[in-house]
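All remarks here apply to the structure that follows.
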Amino acid sequence: MTATRWLAEYAWLPDRSEPTADVLIEAQDGRFTAVTPLAGAGAPTAGVEVLTDAVRLPGLTLPGLANAHSHAFHRALRGRTHGGRGDFWTWRDQMYAVAARLDPDSYLALARATYAEMALAGITSVGEFHYLHHTPDGTAYDDPNAMSAALVEAAAHAGVRITLLDACYLTASVDGGPLTGPQVRFGDGDAARWAERVAAFTPEGGHARVGAAVHSVRAVPAEQLGTVASWARERDAPLHVHLSEQPAENDACRAVHGCTPTRLLADRAVLGPATTAVHATHPTSADLALLGESRTGVCLCPTTERDLADGIGPARRMADAGSPLSLGSDSHAVIDIFEEARAVELDERLRTRRRGHFTAARLVDAATVAGHAALGWTDAGRLAVGARADLVTVRLDSARTAGVPPVGAFFAATAADVAHVVVDGRTVVADGRHLAVDVPAELQAAITEVTA
Ligand SMILES: [Zn+2]
């Protein structure tokens, strides 16, 4: 790969409280080799030869955005679940109907289009929390990891990195009820067989890595949690877990185990700095302390939590307790990390009727470096020498962003304002257009296929 240089009108550099003007960014072989504010003391005075060969990036250039929690197939449900009342559990029945329709080919098509929508939104890494492992009757495909391979291939086509978080999903309820109906294809029988299957999967391409997931305390019996946690620890792989998304999960866990889900995970050595709890919408104060003291991350998915009437997670208290925060679009009711990020602040305002819980820089951090770290890409998410060369440029001249100061972009921009995306030094989106995928057409075709 040849060297490339870009001239960003504004760029959000690490550990700055606001963007910096006129930054020359250089990369070679997918890594940043120089990040130089031209107006800084001692910097070159914007030599003409420097500027003529640099790609101009008008607007605000950010590090790559990380979508730390995705179920790609949920994209097919967007806009189809608002017909009546109901809650998470009635939505889940509709989600299962789509799950039952997918095979490796149709999932490749749907995920490719969904990940390409993510690329258009400035997402450079996705954490795919994957549990659709087997055929609809629960038997394995000829390649038991065929669905995982389809997701990894989809991400390659879309030009984004993927952390395939292979989820262990064994039971239907905290008290060990068996998987039934559409759920049977999620299950491997027990955690040892889950581990054996996942260990046999080597993703193709440098854009992919494998992590582990405990679907939830509903889906993995307490005595088998340690098997999943050890698998991840031995490989230094990220470990994700849905946690306390619903009060009903907390109630069931207390009834069966006499403790909260967080306490159960702590006792089974599931928590720690490589672990990310997804949602954690309904924790107790003791749960928050367990998460924070163990440096367990929390991935907030505010637009999904809104859509499913789940509640508002105590983001400020989580951060104060010591948990790094990341963001995910989860059910893909929308795919817009700007919206997820500002919701972290705005939802706190609704709850507390006060403003000013998270600075813009803190939200950028959750959307970029912290999200990448939660997915095991610890060398991404910063505009800094040596980091992976990911760039996301947001227009500041759209109908939404015109007149907005660069520092305010996270409170004004939408995914539609992303103009230019570079992943590992490769341009994936230019002038708001995906270079490899006709995103609306492919989404339409893939969703029709699984919903018609
Ligand atoms: Zn989820």
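Fully extending the segment from D103 to D87 would add 3.0 nm, taking 0.36 nm per residue of separation and subtracting the current Cα-Cα distance. Potential lengthening of the chain between A39 and A430 amounts to 138.1 nm, from the contour at 0.36 nm per residue minus the alpha-carbon distance.
Taking Cβ atoms as reference points and 10 Å as the exclusive limit, the residues near A266 contribute a net charge of -1, counting Lys and Arg as +1 and Asp and Glu as -1. Mean separation of Cα pairs under 8 Å and 6 or more residues apart, divided by the residue count, gives the chain a relative contact order of 21 percent.
Looking at the chain, the DSSP beta bridges with both ends there are about 40 percent antiparallel. Taking the helices alone, the chain has a mean residue ellipticity at 222 nm of -10000 deg cm²/dmol, built from -39,500 (n - 2.57) per DSSP H run of at least 4 residues and averaged over all its residues. Once the mean of 1/r is taken over each pair of separate Cα atoms and inverted, the chain shows a Kirkwood hydrodynamic radius of 22.1 Å. Placing +1 on each Lys and Arg Cβ and -1 on each Asp and Glu Cβ, with no other charges, gives the stretch 222-270 a dipole about its Cα centre of roughly 100 debye. Surface analysis of the stretch 329-414 yields an accessible area of 37 Å² per residue, using protein heavy atoms and a 1.4 Å probe.
Tell me, what % of the accessible area of the stretch 368-421 is carbon and sulfur with a 1.4 angstrom probe? Roughly 58 percent, rounded to a whole number. Rounded to the nearest 20, the Cβ-based charge dipole of the chain about its Cα centre (Lys and Arg +1, Asp and Glu -1) stands at 960 debye.
Charge tally around G176: other residues with Cβ under 11 Å, Lys/Arg +1 each, Asp/Glu -1 each, net -1.
W91 exposes around 20 Å² of accessible area when a 1.4 Å probe is run over every protein chain in place.
Report the one residue of L264, M318, A252 whose Cα lies farthest in the direction of the positive end of the charge dipole of the stretch 243-384 (charges on C-beta: Lys and Arg +1, Asp and Glu -1; origin at the Cα centre). Of L264, M318, A252, it is M318.
Our estimate of slack between R31 and T448, defined as 0.36 nm per intervening residue step minus the Cα-Cα distance, is 146.2 nm. Rolling a 1.4 Å probe over the protein heavy atoms of the stretch 267-359, with every protein chain left in place, gives an accessible area that is 52 percent carbon and sulfur. The modelled label-to-label distance for the pair R80/A192, using points 7 Å beyond Cα in the direction of Cβ, is 4.0 nm.
Entry note, the stretch 48-161: relative contact order of 35 percent, from Cα contacts under 8 Å with a spacing of 6+ residues.
Distance between the pseudo-spin-label points of A441 and A416 (7 Å out from Cα toward the beta carbon): 2.2 nm. Nonpolar atom fraction for the stretch 61-143, defined as the carbon and sulfur part of the 1.4 Å probe accessible area, stands at 47 percent.
The values are calculated or read from the model by the stated rules, or taken from the named source; none is laboratory data. Remember, it's a predicted structure, so these values are computed and weren't measured experimentally. Virtual Cβ from ideal backbone geometry, glycine too; neighbours counted across all protein chains shown. For accessibility, only protein heavy atoms count, side chains too; no ligands or nucleic acids. Shrake-Rupley method; radii C 1.70, N 1.55, O 1.52, S 1.80 Å.
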